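Report on the structure given below.
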Amino acid sequence: MSLEGAMPLAPQFDTAGLIARDPRLWAAAAKALYGAKIKMTKSYPSRILAVGFPTKPKSDLDVLVLGFIEKVARFLSAHVEVFDIAATWAATYPRGSPLAAVVNNTYEILSAKEQARLVRDVFYADHAAAHGGRFPHVNPAPLNRWALGDSSKATIAEAEANKTRFMDWFNRSILPSGNTSCSEKLLLYMPRIPVPKYRDTYRPGPALPSAFNTSRISVMSGTPDMVIPIGQVAYRSAVTNHTEYLPVTVDIMAAKNCDGMLFSLIEDLFVRGIVNASSVGSTIHAGIV
């Protein structure tokens with residue numbers, strides 16, 4: 001899709017996406033947005049790679065996410081494999097850089113350098129021309145991001161080469177295209193553990209991450225990644241002094257160009273009652289106050 005008029009982070013990553021509360025509306029909007037470029041297919045994989053999930057239920061959160069994977073696997077008649085992507089990378093490149101360095105650093109450096117080039121430098125030049133050479137005031141968060149790019153000795157070409165190396169490896173070894181289904185496997189992961197983040201808590205700006213972040217996989221590999229709210233967990237709010245709820249989400253990934261299959265799958269999971277529509281308000285499920 002055209003991104004004309006959108007503020008870029010990095011052309012190598014930027015992608016148009018959709019958010020909806022109802023999976024049926026979500027799939028219909030995808031058909032309208034992508035048109036002939038997307039193929040909705042209902043031939044699904046029978047293997048699931050589970051990344052970062054608990055092995056045994058020790059909390060309400062564990063019960064929720066493990067129950068979701070079990071329902072999806074039963075619907076697909078699929079085998080679930082506990083998968084460690086960082087260990088698989090290390091086995092493939094035993095003398096190379098750790099996965100965290102290749103994925104996270106490449107993402108942060110490339111996005112910082114590209115946004116500085118495409119946003120900051122153009123904005124600064126326009127502002128200086130209109131205001132006697134003065135610099136504008138900029139929020140510390142983008143300043144930190146741009147500074148990461150300025151301080152890095154890596155070039156955009158080197159970062160792009162790292163991205164291509166990861167993309168080729170991931171699309172060949174982890175989520176290849178299938179013969180009977182568009183994707184040979186699905187990959188499921190939890191993007192984050194739900195914890196309350198209060199808006200009056202000040203946090204540091206962008207920095208180079210140290211641990212591997214699964215949310216970088218999709219933008220680095222060019223594969224579809226769809227976030228599904230599967231339920232919620234209770235917590236005691238330090239603000240309201242009452243029990244409140246945090247949404248729990250799971251990401252589903254498939255092989256490159258299998259976006260239509262994922263839209264169809266999630267719509268079918270909704271029809272089967274495995275995925276629900278989300279409500280507006282302080283909870284994602286209606287009836288909880």
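Descriptive notes on the structure:
- Accessible carbon and sulfur surface of segment 1-51 relative to its total accessible area, %, 1.4 Å: 57 percent
- By accessible area, using a 1.4 Å probe on protein heavy atoms only, segment 57-97 has 54% of its surface on carbon and sulfur.
- Set K56/K185; K39/K163; K31/K58 screened for pairs whose C-alpha atoms are more than 32 Å apart: K31/K58
- Structure remark: mean-square fluctuation, Gaussian network model of the chain, C-alpha springs under 10 Å; the largest value among F75, F123, F263 belongs to F123.
- When the charge dipole of segment 151-289 is built from unit charges on Cβ atoms (+1 for Lys and Arg, -1 for Asp and Glu) and taken about the Cα centre, the candidate among T223, Y198, M261 whose Cα reaches farthest toward its positive end is Y198.
- Three-way shape call for segment 120-270 based on the alpha-carbon gyration tensor, with the a/c threshold at 1.5: oblate
- Relative contact order [Cα under 8 Å, 6+ residues apart], segment 140-229, whole percent: 42 percent
- Sequence-separation-based contact order of the chain, relative, with Cα cut under 8 Å and 6+ spacing, percent: 25 percent
- Surface calculation, 1.4 Å probe, protein heavy atoms: T201 sits at approximately 70 Å² accessible.
- Highest mobility in the GNM of the chain, judged by mean-square fluctuation with C-alpha springs under 10 Å and restricted to R199, R216, R21, is found for R199.
- Hydrodynamic radius (Kirkwood) for the chain, which is based on Cα pairs only, to one decimal in Å: 21.2 Å
- Just checking the listed ones, V63, V102, V138: in the Gaussian network model of the chain with Cα springs under 10 Å, the one fluctuating most is V138.
- With protein chains left intact and a 1.4 Å probe, residues in the chain average 56 Å² of accessible area per residue.
- Per-residue ³J(HN,Hα) for segment 279-284, Karplus 6.51 cos²θ - 1.76 cosθ + 1.60, θ = phi - 60°, Hz, x for Gly and Pro: 9, 7, x, 7, 10, 8
- Annotation: amide H of K185 within the under-5 Å range of A255, sequence separation 5 or more or interchain, hydrogens built in the peptide plane.
The values are calculated or read from the model by the stated rules, or taken from the named source; none is laboratory data. Quick caveat: nothing in here was measured; it's all calculated off a predicted structure. Positions of Cβ are generated from backbone atoms using ideal geometry, with glycine treated the same way; all protein chains shown enter the neighbour counts. Please note that ligands, DNA and RNA were not included when accessible areas were found on the heavy atoms of the full protein model with its side chains. Shrake-Rupley method; radii C 1.70, N 1.55, O 1.52, S 1.80 Å.
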